[in-house]
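Chemist: Please find one structure pasted underneath; my questions will follow.
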Amino acid sequence: MSNDFFDDIYAALEDNTFEEKPVDVKTFVEGEDFLAQPPLSDIQYGIVEYMSQIYREEDLIKLMGEEAGREHYKHYTKNELILALGKGSHIATDEVYNPETGQWNTIASLMENTSAKVQGYDQKSVVQDSTEAWCEGYSEVYRVDLEKGVSVTVSPDHSFYDKSLNRVKLKKCAIGDRVALAAKTYCSSPQEIDDNEVLLLGWWLGDGMMPIDEPRRRIINMDFSNNDKEAQEKYLSILRSHGDNPNVIVNPNGKAMTAVRSGIRQSPWALSVSKKYGLWGTRANDKVIPDVVWGLSDRQIALFFSALWGTDGTVYYKKNGKKKSRWVLEYTTISENLAIGIQRLLTRLGVIASLRSRIPTYTYDGEKLNGQRAYYLTISDAEGFRRFGSQVKLFDKQHLLDQGIEQYKDVKSQSHYSGDLFFAKIKSVTKEVMPQPVFTMTAVDTHNFVANLVLNGNSGK
(Lines give C-alpha, C1' and ligand atoms only; values in the text may rest on other atoms or scores of the structure.)
Protein backbone atom coordinates (compact mmCIF):
# COMPACT_ATOMS: atom_id res chain seq x y z
CA MET A 1 0.00 0.00 0.00
CA SER A 2 1.44 3.35 -1.01
CA ASN A 3 2.46 6.08 1.36
CA ASP A 4 0.03 8.37 -0.51
CA PHE A 5 -2.88 6.42 0.97
CA PHE A 6 -1.72 7.06 4.53
CA ASP A 7 -0.90 10.68 3.69
CA ASP A 8 -4.55 11.19 2.67
CA ILE A 9 -5.78 9.78 5.98
CA TYR A 10 -3.33 11.91 7.96
CA ALA A 11 -4.47 14.96 6.02
CA ALA A 12 -8.11 14.26 6.86
CA LEU A 13 -7.18 14.00 10.52
CA GLU A 14 -4.75 16.92 10.58
CA ASP A 15 -7.05 19.00 12.80
CA ASN A 16 -7.01 16.23 15.42
CA THR A 17 -10.51 15.03 14.65
CA PHE A 18 -10.11 12.16 17.11
CA GLU A 19 -8.27 14.06 19.77
CA GLU A 20 -9.94 13.09 23.04
CA LYS A 21 -12.36 15.77 24.21
CA PRO A 22 -14.37 14.06 26.96
CA VAL A 23 -17.98 15.16 27.46
CA ASP A 24 -20.67 13.72 29.68
CA VAL A 25 -23.15 11.34 28.10
CA LYS A 26 -26.00 13.87 28.28
CA THR A 27 -23.98 16.36 26.23
CA PHE A 28 -22.97 13.62 23.80
CA VAL A 29 -26.56 12.58 23.14
CA GLU A 30 -28.28 15.97 23.22
CA GLY A 31 -25.54 18.38 22.12
CA GLU A 32 -25.82 20.01 18.69
CA ASP A 33 -22.15 19.20 18.02
CA PHE A 34 -22.76 15.51 18.62
CA LEU A 35 -25.93 13.40 18.15
CA ALA A 36 -28.53 16.16 18.76
CA GLN A 37 -31.13 13.69 20.08
CA PRO A 38 -34.04 14.33 22.49
CA PRO A 39 -33.45 13.53 26.21
CA LEU A 40 -33.23 9.83 27.11
CA SER A 41 -33.94 7.77 30.20
CA ASP A 42 -31.18 6.84 32.69
CA ILE A 43 -31.09 3.28 31.34
CA GLN A 44 -30.75 4.53 27.79
CA TYR A 45 -27.93 6.90 28.74
CA GLY A 46 -26.20 3.87 30.25
CA ILE A 47 -26.48 1.99 26.96
CA VAL A 48 -24.92 4.91 25.11
CA GLU A 49 -21.98 5.07 27.52
CA TYR A 50 -21.13 1.46 26.78
CA MET A 51 -21.20 1.95 23.03
CA SER A 52 -18.05 2.71 21.05
CA GLN A 53 -17.08 3.89 17.57
CA ILE A 54 -19.82 6.52 17.38
CA TYR A 55 -18.54 9.35 15.23
CA ARG A 56 -19.88 12.81 14.54
CA GLU A 57 -21.26 13.40 11.06
CA GLU A 58 -18.63 16.01 10.26
CA ASP A 59 -15.83 13.56 11.11
CA LEU A 60 -17.23 10.92 8.76
CA ILE A 61 -17.48 13.53 5.99
CA LYS A 62 -13.80 14.37 6.39
CA LEU A 63 -12.84 10.70 6.24
CA MET A 64 -15.26 9.46 3.58
CA GLY A 65 -16.29 12.51 1.59
CA GLU A 66 -19.50 14.57 1.65
CA GLU A 67 -21.97 12.08 0.17
CA ALA A 68 -20.56 8.84 1.59
CA GLY A 69 -20.03 10.40 5.03
CA ARG A 70 -23.59 11.65 5.33
CA GLU A 71 -25.01 8.33 4.11
CA HIS A 72 -22.88 6.35 6.59
CA TYR A 73 -23.95 8.60 9.47
CA LYS A 74 -27.63 8.41 8.48
CA HIS A 75 -27.88 4.69 7.75
CA TYR A 76 -25.36 3.21 10.20
CA THR A 77 -24.26 5.40 13.09
CA LYS A 78 -27.68 6.84 13.97
CA ASN A 79 -29.47 3.56 13.30
CA GLU A 80 -27.12 1.64 15.58
CA LEU A 81 -27.91 4.01 18.41
CA ILE A 82 -31.64 4.03 17.69
CA LEU A 83 -31.90 0.23 17.49
CA ALA A 84 -29.94 -0.18 20.71
CA LEU A 85 -32.34 2.17 22.48
CA GLY A 86 -35.34 0.15 21.32
CA LYS A 87 -37.67 3.07 20.68
CA GLY A 88 -41.31 2.84 19.60
CA SER A 89 -42.62 1.94 16.18
CA HIS A 90 -45.80 1.77 14.06
CA ILE A 91 -47.32 -1.19 12.29
CA ALA A 92 -46.92 -1.13 8.52
CA THR A 93 -50.42 0.13 7.69
CA ASP A 94 -50.43 3.29 9.85
CA GLU A 95 -50.36 6.21 7.42
CA VAL A 96 -48.08 9.25 7.44
CA TYR A 97 -49.19 12.61 6.04
CA ASN A 98 -47.14 14.07 3.17
CA PRO A 99 -47.68 17.87 3.04
CA GLU A 100 -46.00 18.10 -0.35
CA THR A 101 -48.68 16.02 -2.09
CA GLY A 102 -51.47 16.28 0.50
CA GLN A 103 -51.75 12.48 0.50
CA TRP A 104 -51.39 9.79 3.17
CA ASN A 105 -48.89 6.98 2.66
CA THR A 106 -48.25 3.88 4.76
CA ILE A 107 -45.17 4.10 6.94
CA ALA A 108 -43.89 0.90 5.30
CA SER A 109 -43.95 2.57 1.87
CA LEU A 110 -41.54 5.26 3.08
CA MET A 111 -38.75 2.66 3.14
CA GLU A 112 -38.66 3.07 -0.63
CA ASN A 113 -39.03 6.85 -0.60
CA THR A 114 -36.39 8.43 1.61
CA SER A 115 -37.02 11.87 0.08
CA ALA A 116 -40.64 12.08 1.29
CA LYS A 117 -41.86 15.16 3.14
CA VAL A 118 -43.76 14.85 6.41
CA GLN A 119 -45.65 17.36 8.54
CA GLY A 120 -44.39 18.01 12.07
CA TYR A 121 -45.06 20.52 14.81
CA ASP A 122 -42.81 22.91 16.75
CA GLN A 123 -44.87 25.89 17.97
CA LYS A 124 -46.36 25.74 14.48
CA SER A 125 -46.77 23.15 11.74
CA VAL A 126 -43.59 22.45 9.77
CA VAL A 127 -42.94 20.79 6.40
CA GLN A 128 -39.80 18.69 6.79
CA ASP A 129 -37.82 15.80 5.33
CA SER A 130 -38.33 12.21 6.40
CA THR A 131 -34.82 11.08 7.33
CA GLU A 132 -35.42 7.35 6.94
CA ALA A 133 -37.79 4.48 7.53
CA TRP A 134 -36.99 0.82 8.09
CA CYS A 135 -38.48 -2.37 9.50
CA GLU A 136 -37.29 -2.84 13.05
CA GLY A 137 -38.49 -6.45 13.35
CA TYR A 138 -41.38 -8.03 15.25
CA SER A 139 -42.76 -6.53 18.44
CA GLU A 140 -45.80 -6.66 20.67
CA VAL A 141 -48.11 -3.85 19.65
CA TYR A 142 -51.12 -2.04 21.09
CA ARG A 143 -54.08 -0.49 19.33
CA VAL A 144 -54.67 2.96 20.83
CA ASP A 145 -58.20 4.28 20.31
CA LEU A 146 -58.62 8.00 20.79
CA GLU A 147 -61.48 10.44 20.98
CA LYS A 148 -62.92 11.44 17.57
CA GLY A 149 -62.62 7.86 16.29
CA VAL A 150 -58.86 8.10 15.62
CA SER A 151 -56.58 5.12 16.25
CA VAL A 152 -52.96 4.02 15.83
CA THR A 153 -51.20 0.72 16.49
CA VAL A 154 -47.76 1.07 18.02
CA SER A 155 -45.22 -0.58 20.30
CA PRO A 156 -45.31 0.30 24.04
CA ASP A 157 -42.24 2.54 23.78
CA HIS A 158 -43.85 4.77 21.17
CA SER A 159 -44.05 8.48 22.07
CA PHE A 160 -47.02 10.85 21.83
CA TYR A 161 -47.34 14.49 22.93
CA ASP A 162 -49.38 15.57 25.96
CA LYS A 163 -51.21 18.90 26.46
CA SER A 164 -47.94 20.56 27.53
CA LEU A 165 -46.32 19.20 24.34
CA ASN A 166 -44.04 16.96 26.37
CA ARG A 167 -43.17 13.59 24.87
CA VAL A 168 -44.89 10.74 26.70
CA LYS A 169 -44.51 7.03 25.98
CA LEU A 170 -47.56 4.85 25.53
CA LYS A 171 -46.60 2.70 28.51
CA LYS A 172 -46.70 5.82 30.71
CA CYS A 173 -50.15 6.92 29.43
CA ALA A 174 -53.46 6.23 31.14
CA ILE A 175 -57.03 6.05 29.89
CA GLY A 176 -58.40 9.60 29.86
CA ASP A 177 -55.05 11.27 29.19
CA ARG A 178 -55.06 13.65 26.23
CA VAL A 179 -52.59 13.51 23.36
CA ALA A 180 -52.08 15.79 20.36
CA LEU A 181 -53.81 15.33 17.00
CA ALA A 182 -53.24 17.42 13.88
CA ALA A 183 -56.38 19.55 13.57
CA LYS A 184 -54.89 21.36 10.57
CA THR A 185 -52.88 19.84 7.74
CA TYR A 186 -51.17 21.78 4.96
CA CYS A 187 -50.33 21.16 1.32
CA SER A 188 -47.13 23.02 0.44
CA SER A 189 -47.51 22.64 -3.34
CA PRO A 190 -51.26 22.74 -4.07
CA GLN A 191 -52.63 22.44 -7.58
CA GLU A 192 -55.98 23.66 -8.91
CA ILE A 193 -58.29 22.15 -11.52
CA ASP A 194 -61.43 23.65 -13.04
CA ASP A 195 -63.89 24.70 -10.31
CA ASN A 196 -66.74 22.99 -12.15
CA GLU A 197 -64.86 19.68 -12.10
CA VAL A 198 -64.30 20.08 -8.34
CA LEU A 199 -68.05 20.47 -7.82
CA LEU A 200 -68.84 17.45 -10.00
CA LEU A 201 -66.40 15.31 -8.02
CA GLY A 202 -68.18 16.29 -4.80
CA TRP A 203 -71.65 15.54 -6.16
CA TRP A 204 -70.67 12.29 -7.89
CA LEU A 205 -68.76 11.00 -4.87
CA GLY A 206 -71.86 11.47 -2.73
CA ASP A 207 -74.81 10.53 -4.96
CA GLY A 208 -73.47 9.63 -8.39
CA MET A 209 -74.15 6.11 -9.69
CA MET A 210 -71.97 4.90 -12.57
CA PRO A 211 -72.84 1.24 -13.32
CA ILE A 212 -70.34 -0.20 -15.78
CA ASP A 213 -72.53 -3.25 -16.32
CA GLU A 214 -75.00 -1.08 -18.28
CA PRO A 215 -72.68 1.31 -20.14
CA ARG A 216 -74.90 1.81 -23.17
CA ARG A 217 -78.03 2.67 -21.22
CA ARG A 218 -76.60 5.45 -19.06
CA ILE A 219 -73.33 6.88 -17.83
CA ILE A 220 -74.13 8.72 -14.61
CA ASN A 221 -77.31 8.77 -12.59
CA MET A 222 -77.34 11.74 -10.19
CA ASP A 223 -80.26 12.11 -7.75
CA PHE A 224 -81.33 15.41 -6.22
CA SER A 225 -83.91 15.93 -3.51
CA ASN A 226 -86.67 18.39 -4.34
CA ASN A 227 -85.10 20.55 -1.61
CA ASP A 228 -81.86 20.71 -3.60
CA LYS A 229 -83.03 23.05 -6.35
CA GLU A 230 -79.96 25.32 -6.16
CA ALA A 231 -77.53 22.40 -6.45
CA GLN A 232 -79.55 20.78 -9.24
CA GLU A 233 -79.61 23.98 -11.29
CA LYS A 234 -75.86 24.44 -10.86
CA TYR A 235 -75.19 20.82 -11.80
CA LEU A 236 -77.28 21.09 -14.97
CA SER A 237 -75.71 24.42 -15.95
CA ILE A 238 -72.22 22.90 -15.69
CA LEU A 239 -73.09 19.95 -17.92
CA ARG A 240 -74.96 22.08 -20.46
CA SER A 241 -72.13 24.63 -20.64
CA HIS A 242 -69.95 21.81 -21.99
CA GLY A 243 -72.45 20.76 -24.62
CA ASP A 244 -73.96 17.93 -22.58
CA ASN A 245 -77.71 17.41 -22.56
CA PRO A 246 -78.72 15.11 -19.65
CA ASN A 247 -82.23 13.76 -19.16
CA VAL A 248 -84.10 15.21 -16.14
CA ILE A 249 -86.69 12.80 -14.74
CA VAL A 250 -89.00 13.63 -11.86
CA ASN A 251 -89.54 10.48 -9.81
CA PRO A 252 -92.93 9.03 -10.89
CA ASN A 253 -93.53 7.17 -7.62
CA GLY A 254 -94.23 10.26 -5.59
CA LYS A 255 -90.79 10.48 -3.99
CA ALA A 256 -89.42 13.99 -3.60
CA MET A 257 -86.53 13.18 -5.93
CA THR A 258 -85.30 14.20 -9.37
CA ALA A 259 -82.94 11.98 -11.36
CA VAL A 260 -80.47 13.52 -13.78
CA ARG A 261 -79.34 10.82 -16.19
CA SER A 262 -76.35 11.43 -18.44
CA GLY A 263 -76.29 8.99 -21.35
CA ILE A 264 -73.35 8.26 -23.63
CA ARG A 265 -74.68 10.30 -26.52
CA GLN A 266 -75.95 13.18 -24.41
CA SER A 267 -72.89 13.64 -22.14
CA PRO A 268 -69.50 12.74 -23.63
CA TRP A 269 -67.80 15.41 -21.51
CA ALA A 270 -69.23 14.03 -18.25
CA LEU A 271 -67.97 10.57 -19.21
CA SER A 272 -64.46 11.90 -19.86
CA VAL A 273 -64.34 13.73 -16.51
CA SER A 274 -65.58 10.72 -14.52
CA LYS A 275 -62.96 8.50 -16.16
CA LYS A 276 -60.17 11.05 -15.78
CA TYR A 277 -60.59 11.18 -12.00
CA GLY A 278 -61.25 7.48 -11.41
CA LEU A 279 -64.97 7.64 -10.55
CA TRP A 280 -66.30 5.77 -13.58
CA GLY A 281 -67.74 2.43 -12.46
CA THR A 282 -67.65 3.15 -8.71
CA ARG A 283 -70.52 2.36 -6.37
CA ALA A 284 -71.41 3.64 -2.92
CA ASN A 285 -69.50 1.01 -0.93
CA ASP A 286 -66.19 1.29 -2.80
CA LYS A 287 -65.85 5.04 -3.19
CA VAL A 288 -62.76 6.88 -1.94
CA ILE A 289 -61.48 10.44 -2.13
CA PRO A 290 -60.12 10.85 -5.71
CA ASP A 291 -56.33 11.24 -5.80
CA VAL A 292 -56.53 14.68 -7.41
CA VAL A 293 -58.54 16.10 -4.48
CA TRP A 294 -55.77 15.60 -1.92
CA GLY A 295 -53.45 18.00 -3.74
CA LEU A 296 -55.99 20.79 -4.29
CA SER A 297 -55.74 24.21 -2.66
CA ASP A 298 -57.63 24.83 0.58
CA ARG A 299 -60.07 26.99 -1.41
CA GLN A 300 -60.95 24.12 -3.72
CA ILE A 301 -61.09 21.67 -0.81
CA ALA A 302 -63.81 23.93 0.65
CA LEU A 303 -65.55 24.03 -2.76
CA PHE A 304 -65.44 20.22 -2.91
CA PHE A 305 -67.13 19.99 0.50
CA SER A 306 -69.81 22.47 -0.56
CA ALA A 307 -71.01 19.91 -3.14
CA LEU A 308 -70.28 16.73 -1.18
CA TRP A 309 -72.14 17.90 1.95
CA GLY A 310 -75.20 18.58 -0.18
CA THR A 311 -75.50 14.88 -1.01
CA ASP A 312 -75.34 12.70 2.11
CA GLY A 313 -74.54 15.54 4.49
CA THR A 314 -76.90 17.35 6.86
CA VAL A 315 -77.02 20.44 9.07
CA TYR A 316 -79.50 20.17 11.92
CA TYR A 317 -80.32 21.34 15.42
CA LYS A 318 -79.98 18.50 17.92
CA LYS A 319 -82.05 18.68 21.08
CA ASN A 320 -80.41 16.82 23.93
CA GLY A 321 -83.05 17.01 26.62
CA LYS A 322 -81.29 17.90 29.85
CA LYS A 323 -78.01 18.28 28.04
CA LYS A 324 -77.18 21.39 26.05
CA SER A 325 -78.77 21.43 22.59
CA ARG A 326 -76.48 22.26 19.69
CA TRP A 327 -76.09 22.58 15.93
CA VAL A 328 -74.54 19.61 14.17
CA LEU A 329 -72.86 18.99 10.82
CA GLU A 330 -73.02 15.31 9.85
CA TYR A 331 -72.08 13.20 6.83
CA THR A 332 -73.04 9.54 6.32
CA THR A 333 -71.54 6.92 3.98
CA ILE A 334 -71.35 3.12 3.75
CA SER A 335 -67.73 3.29 2.52
CA GLU A 336 -65.28 3.03 5.42
CA ASN A 337 -62.38 4.26 3.29
CA LEU A 338 -64.39 7.28 2.16
CA ALA A 339 -65.32 8.08 5.77
CA ILE A 340 -61.69 7.96 6.89
CA GLY A 341 -60.70 10.04 3.87
CA ILE A 342 -63.29 12.72 4.64
CA GLN A 343 -62.17 12.90 8.27
CA ARG A 344 -58.57 13.44 7.16
CA LEU A 345 -59.46 15.84 4.35
CA LEU A 346 -61.44 18.04 6.76
CA THR A 347 -58.18 18.80 8.58
CA ARG A 348 -57.19 20.83 5.53
CA LEU A 349 -59.88 23.22 6.82
CA GLY A 350 -58.60 22.94 10.41
CA VAL A 351 -61.49 20.71 11.52
CA ILE A 352 -61.43 17.45 13.49
CA ALA A 353 -64.67 15.53 12.88
CA SER A 354 -65.77 12.59 15.03
CA LEU A 355 -65.97 9.26 13.19
CA ARG A 356 -68.23 6.43 14.37
CA SER A 357 -70.12 3.56 12.80
CA ARG A 358 -73.19 1.46 13.50
CA ILE A 359 -75.35 -1.17 11.82
CA PRO A 360 -78.88 0.18 11.37
CA THR A 361 -81.92 -2.06 11.67
CA TYR A 362 -85.13 -2.05 9.68
CA THR A 363 -88.33 -4.09 9.51
CA TYR A 364 -89.42 -5.93 6.36
CA ASP A 365 -92.58 -8.06 6.23
CA GLY A 366 -92.70 -7.97 10.00
CA GLU A 367 -89.11 -9.23 10.36
CA LYS A 368 -86.40 -7.10 11.98
CA LEU A 369 -83.28 -7.12 9.82
CA ASN A 370 -79.80 -5.62 9.94
CA GLY A 371 -78.81 -3.09 7.32
CA GLN A 372 -75.35 -2.32 5.96
CA ARG A 373 -72.83 -0.74 8.32
CA ALA A 374 -72.87 3.04 7.99
CA TYR A 375 -70.15 5.52 8.96
CA TYR A 376 -70.97 8.91 10.46
CA LEU A 377 -68.76 11.99 10.52
CA THR A 378 -69.96 14.60 13.01
CA ILE A 379 -68.91 18.19 13.77
CA SER A 380 -70.83 19.47 16.79
CA ASP A 381 -68.34 21.51 18.81
CA ALA A 382 -68.35 25.29 18.54
CA GLU A 383 -64.81 25.69 17.20
CA GLY A 384 -65.09 22.95 14.58
CA PHE A 385 -68.48 24.24 13.42
CA ARG A 386 -67.12 27.79 13.08
CA ARG A 387 -64.02 26.67 11.19
CA PHE A 388 -66.13 24.69 8.71
CA GLY A 389 -68.70 27.47 8.33
CA SER A 390 -66.10 30.17 7.73
CA GLN A 391 -64.76 28.37 4.65
CA VAL A 392 -67.56 26.23 3.16
CA LYS A 393 -70.65 27.67 1.48
CA LEU A 394 -73.41 25.09 1.11
CA PHE A 395 -75.94 24.76 -1.69
CA ASP A 396 -79.54 24.86 -0.41
CA LYS A 397 -78.47 24.32 3.24
CA GLN A 398 -76.58 27.58 3.78
CA HIS A 399 -79.42 29.12 5.82
CA LEU A 400 -79.09 26.26 8.34
CA LEU A 401 -75.32 26.63 8.44
CA ASP A 402 -75.74 30.37 9.08
CA GLN A 403 -78.07 29.67 12.01
CA GLY A 404 -75.49 27.39 13.57
CA ILE A 405 -72.69 29.92 13.04
CA GLU A 406 -74.83 32.59 14.69
CA GLN A 407 -75.51 30.42 17.75
CA TYR A 408 -71.84 29.53 18.12
CA LYS A 409 -70.66 33.11 17.51
CA ASP A 410 -70.20 33.98 21.18
CA VAL A 411 -69.53 30.47 22.50
CA LYS A 412 -66.02 29.98 23.85
CA SER A 413 -63.74 27.86 21.72
CA GLN A 414 -63.42 24.29 22.91
CA SER A 415 -60.34 24.23 25.11
CA HIS A 416 -59.07 21.07 23.45
CA TYR A 417 -58.36 22.96 20.20
CA SER A 418 -55.05 24.81 20.21
CA GLY A 419 -54.18 26.36 16.85
CA ASP A 420 -53.18 23.54 14.52
CA LEU A 421 -53.64 20.89 17.23
CA PHE A 422 -56.50 19.13 19.00
CA PHE A 423 -55.92 17.23 22.24
CA ALA A 424 -57.95 14.02 22.24
CA LYS A 425 -58.63 11.63 25.11
CA ILE A 426 -57.20 8.12 25.10
CA LYS A 427 -60.32 5.93 25.20
CA SER A 428 -58.78 2.45 25.18
CA VAL A 429 -55.48 0.61 24.75
CA THR A 430 -55.76 -2.99 23.52
CA LYS A 431 -52.89 -5.42 23.13
CA GLU A 432 -52.95 -7.21 19.79
CA VAL A 433 -52.92 -11.01 20.02
CA MET A 434 -49.81 -11.62 17.94
CA PRO A 435 -46.56 -9.63 17.60
CA GLN A 436 -46.37 -7.76 14.29
CA PRO A 437 -43.66 -6.26 12.07
CA VAL A 438 -43.03 -2.70 13.22
CA PHE A 439 -41.59 0.18 11.24
CA THR A 440 -39.47 3.03 12.51
CA MET A 441 -39.45 6.48 10.93
CA THR A 442 -37.57 9.67 11.75
CA ALA A 443 -38.01 13.30 10.68
CA VAL A 444 -35.32 15.96 10.58
CA ASP A 445 -36.50 19.24 12.08
CA THR A 446 -39.17 18.64 14.71
CA HIS A 447 -38.44 15.01 15.64
CA ASN A 448 -42.16 14.31 15.22
CA PHE A 449 -44.58 13.61 12.40
CA VAL A 450 -48.30 13.21 11.72
CA ALA A 451 -49.55 9.64 11.24
CA ASN A 452 -53.24 8.59 11.37
CA LEU A 453 -53.89 12.24 12.42
CA VAL A 454 -51.80 11.71 15.60
CA LEU A 455 -48.72 13.82 16.34
CA ASN A 456 -46.16 11.09 17.00
CA GLY A 457 -42.70 11.43 18.45
CA ASN A 458 -40.09 10.12 16.00
CA SER A 459 -40.43 6.35 16.03
CA GLY A 460 -36.70 6.01 16.32
CA LYS A 461 -35.79 8.85 18.65
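Chemist: Expected output is a single nm value to one decimal: the length gained when fully extending between ASP24 and LYS427, i.e. 0.36 nm times separation in residues minus the C-alpha distance. What is it?
Modeler: Extra length from ASP24 to LYS427 when fully extended: 141.0 nm.
Chemist: Follow-up. Gap in Å between the Cα centre of the stretch 259-322 and the Cα centre of the stretch 324-376?
Modeler: 16
Chemist: Using r as the Cβ-Cβ distance of LYS393 and CYS135, and R0 as 51 Å, what FRET efficiency do you calculate, to the nearest 0.05?
Modeler: On the way: r = 46 Å, r/R0 = 0.90.
So the FRET efficiency works out to roughly 0.65.
Chemist: Once neighbouring chains are kept in place and the probe is 1.4 Å, which whole percent of the accessible area of the stretch 372-434 is contributed by carbon and sulfur?
Modeler: The value for the stretch 372-434 is 52 percent carbon and sulfur by accessible area.
Chemist: Sort the following peptides by mean Cβ neighbour count (other Cβ atoms within 10 Å, averaged over residues), highest first: 419-428, 360-369, 176-185.
Modeler: Working: 419-428: 18.6, 360-369: 7.9, 176-185: 21.3.
Put in order of decreasing packing, that is 176-185, 419-428, 360-369.
Chemist: Which of the three applies to the stretch 270-395, rounded, prolate or oblate, going by the alpha-carbon gyration tensor with a ≥ b ≥ c and a/c under 1.5 meaning rounded?
Modeler: Working: a/c = 2.25, a/b = 1.10, b/c = 2.04.
Here the stretch 270-395 falls in the oblate category.
Chemist: Would you mind checking the pairs LYS318/LYS397; LYS318/LYS427; LYS397/LYS427; LYS287/LYS393 and listing those with alpha carbons more than 27 angstrom apart?
Modeler: Exceeds cut-off: LYS397/LYS427.
Chemist: Based on the alpha-carbon gyration tensor of the stretch 131-243, what equivalent-ellipsoid semi-axes (square roots of 5 times the eigenvalues) come out, in whole Å, largest first?
Modeler: Calculated on Cα positions only, the semi-axes equal 46, 18, 17 Å.
Chemist: Calculated FRET efficiency, GLU197 and ASN227, Cβ-Cβ r, R0 30 Å, to nearest 0.05?
Modeler: Values: r = 25 Å, r/R0 = 0.83.
Plugging the Cβ-Cβ distance into 1/(1 + (r/R0)^6) gives 0.75.
Chemist: Same structure again: So for the pair GLU67, TYR317, with labels modelled 7 Å out along Cα→Cβ, what separation do we get in nm?
Modeler: 6.8
Chemist: Could you check the simple spin-label distance between LEU400 and ARG299, using points 7 Å along Cα→Cβ, in nm with one decimal?
Modeler: Spacing of the two 7 Å Cα→Cβ label points: 2.9 nm.
Chemist: Something else about it: Is the shape of the stretch 413-461 rounded, prolate or oblate, going by the alpha carbon gyration tensor and its root eigenvalues a ≥ b ≥ c, with a/c under 1.5 for rounded and a/b larger than b/c for prolate?
Modeler: oblate
Chemist: To the nearest 0.05, how large is the calculated FRET efficiency for ASN113 and SER325 if R₀ is 35 Å and r is the Cβ-Cβ distance?
Modeler: 0.15
Chemist: ALA92 versus ARG373, label points 7 Å from Cα toward the beta carbon: distance in nm?
Modeler: 2.2
The values are calculated or read from the model by the stated rules, or taken from the named source; none is laboratory data. In this text, all values refer to a predicted model and were calculated from it rather than measured experimentally. So basically every Cβ, Gly included, is an ideal-geometry build from the backbone, and we count neighbours across all protein chains shown. These area figures cover heavy atoms from the full protein model, side chains too; ligands, DNA and RNA do not enter into them. Shrake-Rupley method; radii C 1.70, N 1.55, O 1.52, S 1.80 Å.
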